[in-house]
Amino acid sequence: MDGSLATTARELDEVVERVREAGSFAFDLEFVPEGRYIPELALVQVAWGDPDDPELAAIDPLEVDVTPFADLVADEGIETIVHAAQADLAILAGRYEAQGGAVRDTQIAAAFAGHGDQIGYAALVQNTLGVRLRKGSQYTEWLRRPLSRKQLAYALDDVRYLGRVWAELRDRLDGGERLAWALEECDRLAATAWRRPTPGESYRRVKGWSRLNARERGALRELAAWREREALRGNRPPSRVLNDRSMLELARTGPSSEDGLRAVRGVDEGVVRRHGRKLLAAIEEGAANPPEREPSRAPLSPAGEVWAAALHGLVRALALEAGIAPRFLGPRSEIEAVVRWWLEGDRESPPPLPLLEGWRGALAGDAILAWLGGEAALVADPGSEAGVRLEPRTQR
């Protein structure tokens, strides 16, 4: 089975059985995103067993239903080792409704082990194991059959070293709390990749939706929901079903006839012929049942802007001191949300923001609250890498 290509249900079942016996495995996917809403799965690579000499197999999703493999990824009792797996996990969620169970992402672990933010797989293998990977088949046509021995060898290299890399990173992180932080972030990755906006929520991804009035927002909501369902049904990018600007114009003008649809740029005769009645029904239904307007957020006051700038510097300093990319710790939007909450005065109910929870809360959230509460001061520290530090305020 080592290095072979599984093309039958029996061969796939054999791989799955061996992985279950091992209790841990690495995987990678080759896929083709061009012209598709959910990328087309072209190859599955799996490694298990001894990290120094793993068993390897590739699975051909064009020949066999890989649902049993997806079930492995979703099994919380089986350690699943991956690298930069957001796209891979999203494909498994979108096509097989499989949420990662016990995910161990080596790119995330590397960020906590001092390898920087978003390090590539080849660079990480070289940095941790001293192995230089081949790059000859990076942009191959993975959907074309038969696959060559060179293509399979290249693909299997993507999992051949994953177990060893994870073992190295785990050992490096196991001496403190950073391993727990990394695992928490891996869980967050798996949960995020699983979530997908419902068709009724997809209108919020249309640029300009918030500037519409209630009737127009209702029409856009129904139009976007129709487009989302149509895109998923045909696995086409939503923009190829109907582009955003055309949908916004349909929502604004609210046509009630097919001639009115044709008057909107981007709504061609083919769209009207195939979908005209559904579009008109969506516009009518949405305009009659608009969504509730969300309360608008007032901009931060001048003092709030100053506070946000100071806290942005504090978060950056804490990240640098911890050897973590500042972007990885907390974005500016979350910092501003914390400041807005504090200024609104509801101090007993912190907003549900990652910056205030879990490992981020331990590393930065507590310090932010101490500074906002006047318990600590941000002082210059030219001798440190971050340039500033937080210290308890002296009572006067």
Legend entry - Extension gain from Arg204 to Glu141, taking 0.36 nm per residue of separation minus the Cα-Cα distance: 19.2 nm
Legend entry - Rounded to the nearest 10 Å², the accessible area of Arg229 at probe 1.4 Å: 130
Legend entry - Spatial separation of Cα centroids for region 208-242 and region 322-396, in angstrom: 39
Legend entry - Length gained when the stretch Glu344-Ala87 is fully extended (0.36 nm per residue, less Cα-Cα span): 88.7 nm
Inset, instruction - Report in % the part of the accessible area of region 313-352 that belongs to carbon and sulfur, leaving out ligands and nucleic acids; probe 1.4 Å. - result: 50
Inset, instruction - Multiply the residue gap between Arg196 and Asp171 by 0.36 nm, knock off their C-alpha separation, and tell me the result in nm, one decimal place. - result: 5.6 nm
Legend entry - FRET efficiency, Ala362 to Arg20 (Cβ-Cβ, R0 22 Å, nearest 0.05): 0.05
Inset, instruction - DSSP loop (so not H, G, I, E, B), at most 16 other Cβ within 10 Å: list which GluC sites (Glu not before Pro) in region 153-190 pass both filters. - result: Glu177
Legend entry - Cβ-based charge dipole, region 95-145, positive-most Cα from Gly114, Gln126, Ala98: Gln126
Legend entry - Carbon + sulfur, % of accessible area of region 1-150 - ligands and nucleic acids excluded, 1.4 Å: 42
Inset, instruction - Determine the dipole magnitude for region 144-246: charges of +1 sit on the beta-carbon of Lys and Arg, -1 on that of Asp and Glu, nothing else is charged, the reference point is the Cα centre, and the result goes in debye to the nearest 20. - result: 820
Inset, instruction - For region 206-308, with all protein chains present and a 1.4 Å probe, just round the carbon and sulfur fraction of the accessible area to a whole percent. - result: 48
Legend entry - Which of Asp244, Asp171 is most accessible, then next, and so on - probe 1.4 Å: Asp171, Asp244
Inset, instruction - Answer with a single label: of [x] 75, 66, 34; [y] 68, 56, 50; [z] 56, 45, 36, which was calculated as Cα extents along the principal axes in Å from the structure in view? - result: [x]
Legend entry - Probe 1.4 Å, protein heavy atoms only - accessible area per residue of the chain in square angstrom: 52
Inset, instruction - Extending each Cα 7 Å along its Cβ direction at Val131 and Glu391, get the distance between those two points in nm, one decimal. - result: 4.9
Legend entry - Highest-first arrangement of 345-354, 52-61, 368-377, where packing means the average Cβ count within 10 Å: 52-61, 368-377, 345-354
Inset, instruction - Rank these by accessible area, largest first, 1.4 Å probe: Lys278, Lys150. - result: Lys150, Lys278
Inset, instruction - Would you mind telling me the antiparallel percentage of the DSSP bridges in the chain, rounded to 5? - result: 65
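The values are calculated or read from the model by the stated rules, or taken from the named source; none is laboratory data. Note that the structure is a prediction, hence the values are computed from the model and not measured. So basically every Cβ, Gly included, is an ideal-geometry build from the backbone, and we count neighbours across all protein chains shown. For the accessible areas, the whole protein counts, side chains as well, though only heavy atoms, and no ligand, DNA or RNA atoms are used. Shrake-Rupley method; radii C 1.70, N 1.55, O 1.52, S 1.80 Å.
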